[in-house]
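The values are calculated or read from the model by the stated rules, or taken from the named source; none is laboratory data. Quantities reported herein were computed from a predicted structural model and do not represent experimental measurements. Note: ideal-geometry Cβ built from the backbone for every residue, glycine included; neighbour counts use all protein chains shown.
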């Protein structure tokens, strides 16, 4: 179930964000059945967007020669990679390349050692002379127009936040269980009966359940604009992060040990808003959109009315 994670279960290792190509379409051949098959089998598959150093030699009636090294979420569990890289032509073009996993020359470098999300397996992937057919190339465009479109994949990035919803719900469960099992000698009853922990539980539930409502309500709206998904992701992500922090701070020292699992959830939740587009980039997108809306509304108010009928009356 999306967004659910048992407190002691491993996270899915095949979670990945999608690298969307620019809007301009490549006019060359494209194997649509291959794309549909890859999407059906792999679900979400791609590279992270930062600092791709790939070169693809594109020649007519030839294969593509790949030299690339990049971090990839769930590298072991994916069936295909979507690699956004440039060709070695003159002038070079940038596009998306569908690369099946397990081809000769693909090597997963198991160097993922992050603070959180350690089970995601986001290892580096090294490609050496990996050949893929020309039909696996999508959207080759000039680099000057090949900027990453953060709006295009806003919905799937919001859906990825459901993973962290599971982290926060697992932390909430750990907090509640601890509150009912902890019986201090001086109290003689579980701390769950104290007003302080009742209040903390309410604050956590408000943030976690509120984030769940924000995420799924936004995703149910199939006609929603990208700004709505970006806004929902930021609100939900911040609430989930704050909820886990409240749980750890409320429990105190026992919450920092690895016995109850809350320490792991606290580490994992720190990654909730680091996926592209990152928090600061998302804020900038919303800020520019707000400026554009104001400008558009202002221009609309100042524009002269169209097809206005003027009624003239004779002087008395």
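Quick notes on this structure:
- Among the residues making up the stretch 232-247, those that are closer than 12 Å to residue 161 by Cα and touching a helix residue (DSSP H, G or I) at 6+ places or on another chain (Cβ under 7 Å) are 232, 233, 234, 235, 236, 237, 239, 240, 241.
- Residue in the stretch 209-223 that is within 30 Å of residue 83 (Cβ to Cβ) and either in a loop (DSSP other than H, G, I, E, B) or not assigned by TED's automatic domain parsing to the domain that holds residue 275 (or both) present: yes
- Flag if residue 265 is in a helix (DSSP H, G or I), surrounded by 20 or more Cβ atoms within 10 Å (Cβ to Cβ) and either modelled with pLDDT of 90 or more or within 27 Å of the chain's Cα centre (by Cα) (or both): yes
- Of all residues in the stretch 102-135 being surrounded by 18 or more Cβ atoms within 10 Å (Cβ to Cβ) and within 22 Å of the chain's Cα centre (by Cα), the one that is farthest from residue 269 (Cα to Cα): 125
- Which numbered condition residue 183 misses (of (1) touching a residue at least 40 places away in the same chain (Cβ under 8 Å); (2) closer than 25 Å to residue 258 by Cβ; (3) part of a loop (DSSP other than H, G, I, E, B)): (1)
- Residue 33 touching a strand residue (DSSP E or B) at 6+ places or on another chain (Cβ under 7 Å) and modelled with pLDDT under 80: no
- Residue 122 vs. criteria touching a strand residue (DSSP E or B) at 6+ places or on another chain (Cβ under 6 Å), within 30 Å of residue 259 (Cα to Cα) and part of a loop (DSSP other than H, G, I, E, B): yes
- Put simply, of 170, 236, 232 the only residue that is modelled with pLDDT of 90 or more, buried (at least 16 other Cβ atoms within 10 Å of the Cβ) and more than 18 Å from the chain's Cα centre (by Cα) is 170.
- Taking residues in the stretch 242-253 that are in the same structural domain as residue 208 (by TED's automatic domain parsing) and free of Cβ contacts under 8 Å to residues at least 12 places away in the same chain, and partners anywhere that are assigned to a helix (DSSP H, G or I) and crowded, with 17+ Cβ neighbours inside 10 Å, the pairs with Cβ atoms closer than 8 Å and at least 6 places apart or on different chains are 249/255.
- Any chance residue 64 is at pLDDT below 85, over 30 Å from residue 267 (Cα atoms) and buried (at least 20 other Cβ atoms within 10 Å of the Cβ): yes
Yes/no per residue for (1) surrounded by 15 or more Cβ atoms within 10 Å (Cβ to Cβ); (2) more than 29 Å from residue 119 (Cβ to Cβ); (3) in contact with a strand residue (DSSP E or B) (Cβ under 6 Å, 6 or more places away or on another chain):
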{"site": "185", "(1), (2), (3)": "no, yes, no"}
{"site": "191", "(1), (2), (3)": "yes, yes, no"}
{"site": "213", "(1), (2), (3)": "no, no, no"}
{"site": "221", "(1), (2), (3)": "no, yes, no"}
{"site": "225", "(1), (2), (3)": "no, yes, no"}
